[in-house]
Amino acid sequence: MIPSFRRVASRLLPVVCIAFVPCAVLAQNYCEAPAAVKDELKKVSKLNDEDIPFNIRRERQIAMLRELVAKYPGDFFVQRRYQDLLQSGFTVDKDALIIDYRGQMEKNPSDPVAAYLYARLLVGRKTKDAIELSEKLAQQSFPWAHIKLAEIYAYPNFKDPPKSKEHLRQFAAICSKALDALSQISRSGDKDLMTSTAQSLRARLEVSTSNDELVYWDELWTLEFKLKAVTEHAQLRQQITKDLEKIRAGNLGTKEWLQSLMAGYKQVGDKTNQRWAEDEFIKLMPNSDTGRRMVQTRYYDEHPFPKGEATEGEKQAYYQGLADVTSEWVKRWPGDENVWGNRLRAVTQLDKSTNAEVEAAYNGYADAHERSGGSYSLPPHQVPVSRFYLKRGYNVEKVPVLLQQAIAEIAEIEKFGGPSDLFPRNESAESNLRFVRLESLPLMAEAYARVKQPEKAREVLGQLAAIGNEKKPGPLATDAEKRAFAYYQSVYWQAAGKVAEGEQRKLDALMAYQTALILRPNASTGRDELNDNAQRLWKQLGGTDQGWNAYLARNEASKSKLGTAEVATWDKKNSVLPEFELTDLAGRKWSLADLKGKVAFINLCATWCGPCRAELPYVQKLGEQLKDRKDVLVLTLNTDEEVGLVEPYMKENKFNFSVILGQAYADSQGVNSIPRNWVVSPEGKIVFEGIGFGGSSGEDWMKRVTEMIETARGIR
């Protein structure tokens with residue numbers, strides 16, 4: 001059990017400033033930790049490179065930091081790291097921490113560190129209070145208050161770019177040699193500050209002999225790419241290549257040395273040397289989180305999941321390959337929760353997996369998950385395992401318990417998470433708990449019906465119905481809300497059909513399945529369990545193929561009336577696309593005027609985004625399909641932070657659509673999820689927005705996009 005922070009906070013040394021009263025000089029150098037403290041904190045960080053489960057590592061690091069708090073009482077950097085560890089994890093009671101740190105602030109009214117540590121815990125919960133405290137600390141020239149305020153003023157609900165930039169400048173003025181604000185400065189859009197920062201950082205790194213500072217080369221290169229015109233990027237890559245030659249000549253053989261080389265080779269698109277640096281890192285630190293993820297990511301990149309048009313045989317081959325490689329990985333890294341999770345995913349999808357293989361994979365995952373506690377999945381792994389057990393008729397009696405565990409885990413996480421006041425509330429958005437319940441309750445009801453517990457099955461169906469009715473659309477409901485409600489009803493009726501079938505009420509089951517078919521949005525390609533179940537019962541009850549086809553025709557007509565079959569991932573919008581002046585990879589400058597008079601399809605993406613990478617080949621096909629149209633534009637708005645990575649990625653994949661560099665612009669529009677697609681009318685209004693890429697069928701995606709484009713033109 002973690003002792004209260006109050007037990008050590010009383011050892012904090014007082015400082016000379018009266019709380020919240022401006023003073024010229026603070027008692028402690030808050031810009032940089034003393035050398036001895038840096039060395040001690042490195043020992044804490046070193047545990048991150050060892051193959052230790054998250055929970056165990058966290059406990060050890062907290063114990064180490066408690067000792068450092070006693071050894072260096074009042075040290076800002078130790079106190080901040082200690083607080084970071086205390087609030088790490090998904091089930092930490094942050095409200096209790098807030099109460100604890102508020103008590104410390106009240107006991108030490110003249111201590112800016114105590115006030116700062118309390119204020120930073122309020123961000124996301126009571127951000128207005130955090131701003132008030134931080135502004136008072138900033139008046140005392142407490143540097144980290146400026147960083148916190150710059151961060152807060154970059155969030156959507158408190159967005160104020162001038163204030164954010166000003167606080168970054170203030171921090172840079174107070175702590176001119178500190179490197180902690182580089183990422184924020186890089187995203188600020190303050191060209192003068194970015195330029196001066198890049199110049200001073202390059203001068204520093206070119207003469208630095210510090211191994212610890214090597215990792216800041218990547219920050220420098222990112223800044224320089226943002227500051228250079230696209231036409232100057234080739235010249236900058238030549239400069240970075242020279243930097244890399246100098247760095248590599250140091251032959252340090254350290255983690256930081258290899259990280260800087262990997263980042264640089266990636267920035268210039270040098271695949272051969274990037275691979276060499278990765279291989280060296282894996283040799284040096286094979287069991288570190290980074291080393292393991294590197295091995296695994298390399299496999300996933302070389303063996304991508306088949307595209308939506310793939311045959312079932314191709315998908316089975318993919319899962320077989322994943323099962324084979326994870327069988328070796330679990331021997332190599334037996335405590336790796338991620339590896340066990342992917343093995344479980346593979347064997348539950350393989351038709352020829354044995355029940356024993358799935359059970360062993362789940363037990364391995366559950367053991368690693370319990371010991372780690374550093375991650376969770378949506379839906380939790382108990383859900384696909386339960387689905388597999390029900391499909392095989394194996395361990396059916398265990399299914400309700402597994403699913404209750406899944407729901408309880410996410411409920412626990414949400415209890416300690418809570419909504420953030422940094423972002424606009426989306427009342428129509430699904431909570432993780434709601435999503436997991438929608439995934440779990442139908443399976444639970446089916447399991448209870450199969451093990452002859454009809455009362456419990458009906459109780460669960462009642463819970464499922466209540467979830468759906470919570471968001472029953474009113475007269476002013478959006479299309480998305482109507483589709484969501486239809487989906488909830490479809491899930492309920494499919495579950496009701498499973499329960500009825502488990503109780504041998506076949507006609508009731510058929511009616512429930514048919515109702516679910518009418519209500520659900522279009523099915524994805526591939527196996528269609530709902531349709532198969534309904535058709536099977538239809539034939540068992542004496543129906544013919546002719547009658548079934550007649551039902552399907554009526555079903556499609558009903559869907560058209562309900563509006564549930566229309567482009568399920570797109571929403572109508574009516575917002576003016578703000579003015580912009582941005583440059584594409586070819587050096588062409590774009591503004592809103594270039595879009596006027598045409599329908600513009602704008603894909604927002606990044607090279608690091610998995611769904612974006614899956615979607616971009618279809619953006620390429622769409623562009624080729626529409627290349628002769630004078631009334632349509634196909635563009636991508638790239639949001640990569642590391643601008644230098646974009647051009648090599650596009651060349652590697654032979655994409656030739658226009659790529660506009662627009663990370664800051666996307667930020668200014670509050671874009672916080674990608675991939676995202678906008679269809680812009682000839683008048684410059686976003687008329688449709690699609691978020692996410694399901695990937696079930698790229699051809700279906702193209703068809704839907706084309707429909708949206710034609711609709712925007714007014715053709716239909």
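Worth a mention:
- Answer from Q296, Q267 - the residue that is in contact with a Lys or Arg (Cβ under 9 Å, 6 or more places away or on another chain) and either crowded, with 18+ Cβ neighbours inside 10 Å or not in a helix (DSSP H, G or I) (or both): Q267
- Count of the range 634-667 residues which are in contact with a helix residue (DSSP H, G or I) (Cβ under 8 Å, 6 or more places away or on another chain) and of a type outside the set (D, E, K, R): 17
- Single condition F416 does not satisfy, out of (1) crowded, with 16+ Cβ neighbours inside 10 Å; (2) of a type in the set (F, W, Y); (3) in a helix (DSSP H, G or I): (1)
- Residue count for the range 89-109 under the criterion of being touching a residue at least 24 places away in the same chain (Cβ under 8 Å) and out of contact with any Gly (no Cβ under 9 Å at 6 or more places or on another chain): the result is 11.
- Listing of helices (runs of 4 or more DSSP H) fully contained in the range 446-541 that carry 2 or more residues being of a type in the set (S, T, N, Q) and under 27 Å from V401 (Cα atoms): 454-470, 479-502
- Conditions (1) at pLDDT 95 or above; (2) surrounded by fewer than 19 Cβ atoms within 10 Å (Cβ to Cβ); number of the one not met by D95: (1)
- Of the strands (runs of 3 or more DSSP E) that lie entirely inside the range 577-638, those containing 1 or more residues that are free of Cβ contacts under 8 Å to residues at least 60 places away in the same chain and either among the hydrophobic types (A, V, I, L, M, F, W, C) or exposed (fewer than 14 other Cβ atoms within 10 Å of the Cβ) (or both) span 581-583, 589-591, 632-638.
- Single residue of the range 225-245 satisfying the filter (charged (D, E, K, R) and touching a residue at least 40 places away in the same chain (Cβ under 8 Å)) that is farthest from R292 (Cα to Cα): K226
- Subset of the range 268-291 [aromatic (F, W, Y) and farther than 23 Å from P334 by Cα]: W276
- Helices (runs of 4 or more DSSP H) fully within the range 646-716 counting 2 or more residues that are more than 29 Å from G189 (Cβ to Cβ) and assigned by TED's automatic domain parsing to the domain that holds L626: 698-713
- Here K315 fulfils each of the conditions (1) in contact (Cβ under 8 Å) with a residue 24 or more places away in the chain; (2) assigned to a helix (DSSP H, G or I); (3) surrounded by fewer than 14 Cβ atoms within 10 Å (Cβ to Cβ); (4) not hydrophobic (A, V, I, L, M, F, W, C) apart from (3).
- Residue satisfying condition, being touching a residue at least 40 places away in the same chain (Cβ under 8 Å) and not β-branched (V, I, T), within set N211, N251, N273: N211
- Scanning the range 180-198 for residues that are surrounded by fewer than 16 Cβ atoms within 10 Å (Cβ to Cβ) and either closer than 17 Å to G662 by Cα or within 27 Å of the chain's Cα centre (by Cα) (or both) returns D180, S183, K191.
- Among the numbered conditions (1) loosely packed, with under 14 Cβ neighbours inside 10 Å; (2) outside any loop (DSSP other than H, G, I, E, B), the only one that P424 does not meet is (2).
- Every residue from the range 128-163 that is under 24 Å from the mean Cα position of the chain (by Cα) and either farther than 21 Å from K191 by Cα or not assigned by TED's automatic domain parsing to the domain that holds I174 (or both): P156, N157, F158
- Residue among E232, E245 that is part of a helix (DSSP H, G or I), modelled with pLDDT of 95 or more and of a type outside the set (F, W, Y): E245
- G468 satisfies every condition listed in (1) crowded, with 16+ Cβ neighbours inside 10 Å; (2) under 17 Å from P379 (Cα atoms); (3) touching a Leu at 6+ places or on another chain (Cβ under 9 Å) except (2).
- Per-region count, the range 230-251, residues in contact with a helix residue (DSSP H, G or I) (Cβ under 7 Å, 6 or more places away or on another chain) and surrounded by 15 or more Cβ atoms within 10 Å (Cβ to Cβ): 9
- Residue within the range 557-571 that is touching a strand residue (DSSP E or B) at 6+ places or on another chain (Cβ under 6 Å), hydrophobic (A, V, I, L, M, F, W, C) and at pLDDT below 80 present: yes
- Helices (runs of 4 or more DSSP H) lying entirely in the range 105-188 (those with 2 or more residues that are closer than 28 Å to D95 by Cβ): 112-122, 127-139, 143-152, 161-174
- Residues within the range 69-104 that are closer than 21 Å to F142 by Cα and part of a loop (DSSP other than H, G, I, E, B), tallied: 4
The values are calculated or read from the model by the stated rules, or taken from the named source; none is laboratory data. Quick caveat: nothing in here was measured; it's all calculated off a predicted structure. No Cβ is skipped: glycine too gets one built from the backbone with ideal geometry, and neighbour counts run over all protein chains shown.
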